[in-house]
Amino acid sequence: MDKIHILGTGNAMVTKCYNTCFTLSHNEEHFLVDTGGGNGILSNLEKLNISINNIHNLFISHCHNDHINGITWIIRSVAQGVLRGNYEGNLNIYCHKSVGETIRTICSLILQNKFNSVLDKRILFHYIEHGDSLCILDSKVTFFDINSKKELQYGFTLKDEAGMTLTFLGDEPYRDDVYEYCYNKDYILHEAFCLYSERDTFKPYEKHHATVKDACVNGEILKAKNIILYHTEDKNILNRKHLYSKEGKEFFSGNIFVPDDLDEIPLNSK
Ligand SMILES: [Zn+2]
């Protein structure tokens with residue numbers, strides 16, 4: 001994988017940025033990870049010059065609306081491309097079974113029949129289970145259950161041809177029972193709902209979320225080289241990069257990325 005394009009950086013209820021989702025890019029192809037909560041997925045892909053015609057692999061981590069709703073726009077867009085003869089190949093959707101069934105139900109209720117007719121022909125569901133490994137864009141991707149107490153949720157760890165390793169933990173904090181998927185990685189993508197110093201204002205723990213400090217303590221324990229923090233509140237958005245990096249540095253000795261929407265992060269194993 002060459003780079004990450006950050007499509008959104010916010011938690012579910014943000015209004016000043018898009019919900020957390022991103023692409024992992026290799027050559028001209030893009031692996032889309034989650035879709036955010038709406039049509040903003042299409043505008044942010046366009047702003048990053050990512051054509052839907054170059055997305056053939058997509059992963060949805062769990063059924064919450066800030067991660068899954070954007071998929072109806074992706075499916076509509078791909079289906080339209082298929083019907084017009086503009087979209088080549090298949091769209092492969094990787095998810096656990098209940099996510100797949102939810103997507104099918106939503107699409108059957110809100111998309112025209114002509115778009116739904118493309119499902120299972122050119123838009124294919126691949127139901128994954130804990131520990132399954134697949135090759136996606138020349139990388140070995142292993143999916144795992146993050147052990148959420150709220151809603152069944154999967155993350156994944158990935159190793160590319162050059163040996164670069166990256167782990168995506170979904171939108172909940174690292175837990176010790178997924179250590180084997182997280183230890184000694186080049187990149188850890190970890191949610192950080194807010195600053196630890198502002199935990200009384202934003203109350204991350206009652207929502208099963210972490211602070212910047214918590215995420216960075218985990219990154220240090222896991223010996224990550226780089227940590228990417230997102231899925232945040234948006235009240236501090238103009239100063240977020242500065243404030244979050246400053247708090248994180250006290251607890252993490254590697255590189256800290258606090259991206260804004262539409263940021264690009266190059267990936268390498270050095
Ligand atoms: Zn979320």
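The values are calculated or read from the model by the stated rules, or taken from the named source; none is laboratory data. What you see is a predicted model; the values in this text were computed from it and never measured. All Cβ positions, even for glycine, are placed from backbone atoms using ideal geometry, and neighbour counts span all protein chains on display. Note: accessible area is taken over every heavy atom of the protein model, side chains too, but ligands, DNA and RNA are not part of it. Shrake-Rupley method; radii C 1.70, N 1.55, O 1.52, S 1.80 Å.
Points to keep in mind about this one:
- Every residue from segment 217-234 that is free of Cβ contacts under 8 Å to residues at least 60 places away in the same chain and either in contact with a helix residue (DSSP H, G or I) (Cβ under 7 Å, 6 or more places away or on another chain) or not in a strand (DSSP E or B) (or both): Val217, Asn218, Gly219, Glu220, Ile221, Leu222, Lys223, Ala224, Lys225, Ile227, Leu229
- Segment 227-266, subset among the polar types (S, T, N, Q) and open to solvent by 10 Å² or more (accessible area, probe 1.4 Å), residue modelled with the lowest pLDDT: Asn236
- Members of segment 182-200 found to be open to solvent by 20 Å² or more (accessible area, probe 1.4 Å) and either touching a strand residue (DSSP E or B) at 6+ places or on another chain (Cβ under 7 Å) or small (Gly, Ala, Ser) (or both), listed by number: Lys185, Tyr196, Ser197, Arg199
- Of residues in segment 201-226 being open to solvent by 30 Å² or more (accessible area, probe 1.4 Å), touching an Asp or Glu at 6+ places or on another chain (Cβ under 8 Å) and at pLDDT 95 or above, the one nearest to Ile4 (Cα to Cα): Lys225
- Of all the listed residues (Asn65, Asn39), the sole one being within 16 Å of the ligand (Cβ to nearest atom), of a type outside the set (A, V, I, L, M, F, W, C) and open to solvent by 10 Å² or more (accessible area, probe 1.4 Å) is Asn65.
- The combined condition, being away from the ligand (no atom under 16 Å from the Cβ), β-branched (Val, Ile, Thr) and either open to solvent by less than 30 Å² (accessible area, probe 1.4 Å) or over 28 Å from Asp160 (Cβ atoms) (or both), is fulfilled by Ile110.
- Residue list for segment 157-178, filter: under 19 Å from Cys95 (Cβ atoms) and either within 16 Å of the ligand (Cβ to nearest atom) or small (Gly, Ala, Ser) (or both): Phe168, Leu169, Gly170, Asp171, Glu172
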